[in-house]
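The values are calculated or read from the model by the stated rules, or taken from the named source; none is laboratory data. Quick caveat: nothing in here was measured; it's all calculated off a predicted structure. For neighbour counting, all protein chains shown are included, and Cβ atoms are generated from backbone atoms with ideal geometry for every residue, glycine included. For accessibility, only protein heavy atoms count, side chains too; no ligands or nucleic acids. Shrake-Rupley method; radii C 1.70, N 1.55, O 1.52, S 1.80 Å.
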Amino acid sequence: MISRGERLANYAILSVFAAFALFPIVTILSAALGPADSGGTAGLGNFAAAWEIGRFGAYLRSSLAVSSFVVVVSVLLSIMSGYAFGTMRFRGQSVLFYLFMLGIMMPSEAIAVPLYFDLRTLGLIDTFWSVALPQVALSVAFGTFWMRAYFRAANRAIVEAARIDGASTWRILWQVLVPPARPAVVTLTVLVFMWTWNEFLIPLIMVTSESLRTAPLGLAFFQGQYTSGFTLLAAGSVIVATPVVLFYLFLQRHFVRGLLQGAVRE
């Protein structure tokens, strides 16, 4: 049993780390709500000015379209590939799985240049697909590893019982294994959404049209072209970060539950 002194020490340590983590957030919010550098309006007016000057509406729509596509396709492919690697045995399984793992071990910076020339050959540069497809590939690599570990730890008795009852492979996946895997799937969804939304390098290299810029890329151009002050930049940063925060808060309970279940436990 934890003593009162140990409990107080734990709370004190957690409070210090919480203050350390919240300090940058409070600083940005304070700057975004403070007086403008040019002496204009303060408070919520800074967000309105940043939204209009920085054209964040178009950037957020572009990021939302890319993130939605990447999340849906990546999660579906990860569930199916993780199911195959976690419950089936086939020739070349180990080699193919380690090939998937290269997507985790190899950073996007290492493949950005050859990927650009490949997509240019296919005529996909400066299109929606040049931003979305590379991120699908990167996300599926981690998603396969994540879901494979979950399916390997799933209750084999339930799967065998479903097979005895005549359930097909697809039915076992979607009706037997996926419903209990909801926390793991939600955790993967949140992670992929956060990674895709915050991706900067791939959109920077692959697109030149302003209509295809994502929110982080638009924020970088906003800093360099439209303002040199910190107040509007802080307001723009809050605008860009808000969708990720809201998405996480909405799925927080399932996200934490998926982590606590040890979805990556072998």
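Numerical summary
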read-out	value
Degrees between helix 182-198 axis and first principal axis of the chain (Cα, 0 to 90, nearest 10)	40
Under the Karplus curve 6.51 cos²θ - 1.76 cosθ + 1.60, θ = phi - 60°, whole-Hz ³J(HN,Hα) for region 200-210, x wherever Gly or Pro sits	10, 5, 4, x, 4, 7, 8, 10, 10, 6, 5
Solvent exposure of region 1-92 as accessible area per residue, Å², 1.4 Å probe	64
Kirkwood-Stokes translational diffusion coefficient of the chain, alpha-carbon pairs, 4 °C, 1.567 mPa s, µm²/s	61
Residue (of V207, L188, L217) at the positive-pole extreme of region 154-232, dipole from beta-carbon charges	L188
Angle between the chain longest axis and helix 45-54 axis [Cα atoms, degrees, rounded to 10]	70
Vicinal HN-Hα couplings computed from phi for region 140-145 (Karplus, 6.51 cos²θ - 1.76 cosθ + 1.60; Hz; Gly/Pro x)	5, 4, 5, x, 5, 4
For region 63-152, with +1 on Lys and Arg beta carbons and -1 on Asp and Glu, the positive-most of L133, V71, F90 along the dipole	F90
Charge-dipole axis of the chain as Lys and Arg at +1 and Asp and Glu at -1 on Cβ define it, positive-most pick from A12, F151, G123	F151
Solvent-accessible area, 1.4 Å probe, carbon plus sulfur percent, for the chain	68
Residue-count net charge about S63 - beta-carbon cut-off 12 Å; Lys, Arg +1, Asp, Glu -1	+1
Value of [θ]222 nm, deg cm²/dmol, for the chain, DSSP H segments ≥ 4, -39500 (n - 2.57) each, nearest 500	-24000 deg cm²/dmol
Residues of region 94-203: accessible area per residue with a 1.4 Å probe, Å²	52
Max mean-square fluctuation residue, GNM over the chain, Cα-Cα springs under 10 Å, options V26, V75, V245	V26
Trypsin sites (Lys or Arg not before Pro) within region 91-164: DSSP coil, no more than 11 neighbouring Cβ in 10 Å	R91
